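Since the structure comes first, as structure tokens, the remarks are kept for the end.
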């Protein structure tokens with residue numbers, strides 16, 4: 001797949017003041033990083049749809065943030081969105097998520113790194129992403145671990161993530177191209193442009209294996 005950027009970034013000086021403030025938050029805190037927001041800025045409604053939805057469903061909400069972060073990166077690995085897959089939630093780090101937990105996401109059922117609750121959430125993400133048929137046992141498992149409000153939020157969040165990452169994968173955007181100079185929410189090995197290039201050139205880079 002070509003790395004050519006397919007849709008341009010909107011310059012900061014062409015954004016409204018409130019959009020620039022959100023862009024500053026993206027650069028300072030990440031998830032999302034500034035590049036994807038600068039693409040959505042072509043349509044302010046799209047910019048705010050995602051910014052507000054992400055704030056309400058991902059950074060806040062009724063379901064555990066760490067579980068949503070694992071589901072987010074599971075989707076990244078599933079659709080092979082390198083832009084999203086090379087980010088980590090700072091809040092997730094603070095809650096104790098370890099990098100090794102990201103490495104086994106596509107084999108979560110056999111891994112010992114996840115709780116039964118985390119595995120149930122990842123099975124939900126898997127069923128949504130891969131359009132799997134589900135049965136009573138599947139739903140009994142989910143209801144054993146989650147309330148209905150949690151299942152609604154998690155399902156909406158996974159759907160939002162799947163749609164956005166499936167789109168961003170096509171755009172050829174890369175980190176450190178808009179409001180460069182920060183490493184907020186970057187995965188280990190992607191903190192700078194130089195580190196990013198070196199990591200992506202490695203034979204062990206996740207998108208190659």
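Does residue 127 satisfy the condition of being modelled with pLDDT under 95 and either surrounded by 18 or more Cβ atoms within 10 Å (Cβ to Cβ) or more than 15 Å from the chain's Cα centre (by Cα) (or both)?
So residue 127 fails the test.
So which residues in region 34-79 are out of contact with any helix residue (DSSP H, G or I) (no Cβ under 6 Å at 6 or more places or on another chain) and not in a helix (DSSP H, G or I)?
42, 43, 60, 64
Does residue 98 qualify as being closer than 26 Å to residue 189 by Cα and at pLDDT below 95?
Answer is yes for this residue.
Quick one: residue 8 ticks every box in (1) surrounded by 13 or more Cβ atoms within 10 Å (Cβ to Cβ); (2) outside any helix (DSSP H, G or I) bar one, so which box is it?
For residue 8, the exception is condition (1).
Could you list, in sequence order, all residues of region 151-209 that are outside any loop (DSSP other than H, G, I, E, B) and more than 28 Å from residue 47 (Cβ to Cβ)?
First, the residues of region 151-209 that are outside any loop (DSSP other than H, G, I, E, B): 151-168, 186, 193-201, 206-208.
Hits for region 151-209 are 151, 194, 195, 197, 198, 199, 201, 206, 208.
Would you point out which residue out of 113, 93 is modelled with pLDDT under 95, surrounded by 11 or more Cβ atoms within 10 Å (Cβ to Cβ) and more than 30 Å from residue 7 (Cα to Cα)?
Checking each option against the conditions leaves just 93.
Could you give me the residue pairs with C-beta distances under 7 Å whose first residue belongs to region 196-209 and is free of Cβ contacts under 8 Å to residues at least 12 places away in the same chain, whose second residue is part of a helix (DSSP H, G or I) wherever it lies, and which are 6+ apart or on separate chains?
Sorted first by the residue in region 196-209, then by its partner, the pairs are 205/199.
The values are calculated or read from the model by the stated rules, or taken from the named source; none is laboratory data. None of these values were measured; they are calculated from a predicted model. Note: ideal-geometry Cβ built from the backbone for every residue, glycine included; neighbour counts use all protein chains shown.
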